[in-house]
Amino acid sequence: NVHLLEENAWGGVLSVVIHEGKNRQVRRMCAQAGVGVRRLQRVREGSISLGTLPPGKWRKLTEQETAGILGEEMQ
């Protein structure tokens, strides 16, 4: 799914949802559509929202998050 979130003088902001990402998939999809990419920002991985987690940082998953991921993989 692709949605235009914002349009401005420099271009726009898109929301792109993919279900199984391959290396540089979003960049290649945009290139095929003639859309340049200046920056990508991942906001969620599976059912886990990254929230305010700074780039390059990590945190331990809660038991509930771990169970959710294992459930997603089994489907």
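The values are calculated or read from the model by the stated rules, or taken from the named source; none is laboratory data. Fair warning: this is a prediction, and the values are worked out from it, not measured in the lab. Reconstructed Cβ throughout: ideal geometry from the backbone, glycine too, with neighbour counts over all protein chains shown. Only protein heavy atoms, including side chains, enter the accessible area calculation; ligands, DNA and RNA are left aside. Shrake-Rupley method; radii C 1.70, N 1.55, O 1.52, S 1.80 Å.
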Seminar exercise, completed: Note on segment 18-42: residues surrounded by fewer than 10 Cβ atoms within 10 Å (Cβ to Cβ), within 27 Å of residue 58 (Cα to Cα) and either at pLDDT 90 or above or not basic (Lys, Arg) (or both) are 19, 20, 23, 38, 39, 41
For this session: For segment 7-22, name all the residues that are assigned to a strand (DSSP E or B) and farther than 19 Å from residue 44 by Cα.
Result: 7, 8, 11, 12
Seminar exercise, completed: Checked pairs for segment 11-31, first more than 21 Å from residue 49 (Cα to Cα), second among the basic types (Lys, Arg), C-beta under 8 Å and 6 or more apart or across chains, list as 11/38
For this session: Provide a single number: the residues in segment 43-66 that are in a loop (DSSP other than H, G, I, E, B), out of contact with any Leu (no Cβ under 8 Å at 6 or more places or on another chain) and either open to solvent by 100 Å² or more (accessible area, probe 1.4 Å) or not hydrophobic (A, V, I, L, M, F, W, C) (or both).
Result: 11
Exercise. When residues of segment 8-66 are filtered for being hydroxyl-bearing (Ser, Thr, Tyr) and under 13 Å from the mean Cα position of the chain (by Cα), how many remain?
Worked result: 3
Seminar exercise, completed: When residue 69 is run through (1) outside any helix (DSSP H, G or I); (2) in contact with a strand residue (DSSP E or B) (Cβ under 9 Å, 6 or more places away or on another chain); (3) not basic (Lys, Arg), the failure sits at (1)
Exercise. How many of the residues making up segment 46-69 are of a type in the set (Ser, Thr, Tyr) and closer than 21 Å to residue 20 by Cα?
Worked result: 3
